Amino acid sequence: MATVWLSSAGAISSSARNHLHPPPPSLLLLPRSRRTFSLHSSSSSLFGFTTKLARPAKISPFSATISMSMEAGVGVMGTKLGMMTYFETDGTVVPVTVVGFKEGNIVTQVKTEATDGYNSVQVGYRRVRDRKLTKPEMGHLQKSGIIPLRHLQEFRLTAVDGFEPNQRLVFEELFKEGDLVDVSGTTIGKGFQGGIKRHNFKRGLMTHGSKSHRALGSIGAGTTPGRVYKGKKMPGRMGGTKRKIRKLKIVKIDNDLRVVMIKGAVPGKPGNLLRIAPAKIVGKNIPKS
């Protein structure tokens, strides 16, 4: 590491040149990857500090390990039935989504760090006929003596104590009215849409000789950069993606009708599969790490 002594004129003093071998490099001529420098205070007859060029830090190889985030607790799957208006006892009007439950929500597999490298509970939902599933899927369920189920999802937990295969999960035992939940689902697919519908763009003038009404307009410069930047908002496929709505309140649980009312809107159209899990609040119900 070379030490550069600065004079009042910004040049290297002659007394300092004798102590530098090889000659000090210029910051302006350094490659971009070597322009990083740090200041270290020391005694000097000029300004009281020396400027030292720091070698570029060695970058460790990128680790391809992807770790899933922990859930706040095991959840269930349900079917979206639609939306309605719910009146509380004080007359407050609350828009709610009604979620029903078909046969299922059975623990199909318990994964531990000893067997799979992480802790999770796999849950199955919605019973179907045998011919609706493939032989590997049937074999996986028959291994634990479980009925044929259409959907399988995992809930990764910090600990899986108290769970066992073929255990039935009851919504009333996991949640109560007033709890906050995270609801995941697939949004309604709207097909190929333009910029106005997809990204809320403004349209052009409809009069005064304008020939650009709902067109996208300019999408970039010409020679420089000579291309369209990635991520540019343009027409394309809209909807049909996975979406999670966090911290929704459970307003009502009806055991007779086997439905639950959740405040607000959730992804998807009626009949869609929903994943309901306890709301993840860092530091309260899951570790901060």
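Annotations for the structure displayed:
- Put simply, of V110, V98, V94, V123 the only residue that is farther than 28 Å from L81 by Cα and assigned to a strand (DSSP E or B) is V110.
- Scanning the range 161-190 for residues that are within 26 Å of the chain's Cα centre (by Cα) and either surrounded by fewer than 16 Cβ atoms within 10 Å (Cβ to Cβ) or within 30 Å of G217 (Cβ to Cβ) (or both) yields G178, D179, T187, I188, G189, K190.
- Among the candidates Q122, Q153, Q109, residue that is more than 21 Å from the chain's Cα centre (by Cα) and surrounded by 17 or more Cβ atoms within 10 Å (Cβ to Cβ): Q109
- Failed condition for Q193, given (1) closer than 15 Å to I276 by Cα; (2) open to solvent by less than 100 Å² (accessible area, probe 1.4 Å): (1)
The values are calculated or read from the model by the stated rules, or taken from the named source; none is laboratory data. Values in this document were obtained by computation on a predicted structure and should not be read as measured data. Positions of Cβ are generated from backbone atoms using ideal geometry, with glycine treated the same way; all protein chains shown enter the neighbour counts. Ligands, DNA and RNA are excluded from the accessible area calculation, which covers all protein heavy atoms including side chains. Shrake-Rupley method; radii C 1.70, N 1.55, O 1.52, S 1.80 Å.
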